[in-house]
Amino acid sequence: MRDLDKLALALPGVTKEVSADGRPTYSAHGKYFCFHRTQRPDAVDADTGARLDDVFVFRVEGSDVKELLLADDRGVYFTTPHWNGYPAVLVRIPSLALIDRDELRDLVVDAWLTRAHKREAKAWLAEYEPPETAR
């Protein structure tokens, strides 16, 4: 979570809000791109039936990207019926340990790009992304 916080806050125009119970939400120009979700009835522990309180949501570019992430063999990314048709994937916070810092960076940057202003995103990509991997 510390890496996620540093990566998100290093991007232009990002603000962080923290709820009363400590759940962060990262926004670009008032539009969230990733956040720690509250407990919901659609995300429950398979063994106990208890609502999950460790779910982080990341916006993605579209349904094709979402499906690609959901197909990952590690089982890091998931969704629930509540998120059907919405460009976002869910990750349990302990599962963040299964992805390396570069993948986490890509996940955060890609989520930010869904909300960043076009000029701002273009300028940031020109400065920080090598041409062959620019999104």
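Please list, or write none, the lysines whose alpha carbon is within less than 21 Å of the alpha carbon of LYS16, excluding same-chain residues fewer than 8 places away.
LYS6, LYS31, LYS118
HN-Hα J couplings of segment 43-58 from phi, Karplus 6.51/-1.76/1.60, θ = phi - 60°, integer Hz, Gly and Pro as x?
10, 10, 5, 4, 7, 9, x, 6, 5, 6, 10, 10, 9, 10, 10, 10
Can you tell me the relative contact order of segment 1-50? Whole percent, Cα pairs under 8 Å, sequence separation 6 or more.
With pairs under 8 Å counted, the relative contact order is 21 percent.
Enumerate the calculated ³J(HN,Hα) couplings along segment 6-22 in order (Karplus 6.51 cos²θ - 1.76 cosθ + 1.60, θ = phi - 60°), each rounded to whole Hz, writing x wherever the residue is Gly or Pro.
Result, rounded to whole Hz: 5, 5, 5, 6, 7, 7, x, x, 8, 10, 10, 10, 10, 5, 4, 9, x.
Using the Kirkwood radius over C-alpha pairs as Rh, can you work out the diffusion coefficient of segment 78-127 via Stokes-Einstein at 4 °C, viscosity 1.567 mPa s, in µm² per second?
The diffusion coefficient I find is 102 µm²/s.
Non-local amide H neighbours of ASP54 (under 5 Å, H modeled in plane, Pro and chain starts lacking H): which ones?
none
Match the structure shown to one of the listed values (1) 13.4, 38; (2) 14.6, 45; (3) 14.9, 48 of Rg and Dmax of the Cα atoms in Å, computed from it, and give that label.
Evaluating Rg and Dmax of the Cα atoms in Å on these atoms matches (3).
What is the angle, in °, between the Cα long axis of helix 101-113 and the longest principal axis of the Cα atoms in the chain? Nearest 10 is fine, range 0 to 90.
Approximately 80 degrees, to the nearest 10.
Below 10 angstrom from the Cβ of ARG51, what's the summed charge of the other residues (Lys, Arg +1; Asp, Glu -1)?
Net charge around ARG51: -2.
Over the chain, calculate the relative contact order: mean separation of alpha carbon pairs under 8 Å at least 6 apart, over the residue count, as a percent.
Here the relative contact order equals 24 percent.
Read-outs throughout are calculated quantities, based only on the coordinates presented, and are distinct from any laboratory measurement. Worth saying up front: this structure is predicted, and the values here are computed from it rather than measured. Every residue, glycine as well, gets a Cβ built from its backbone with ideal geometry; the counts of neighbours run over all protein chains shown.
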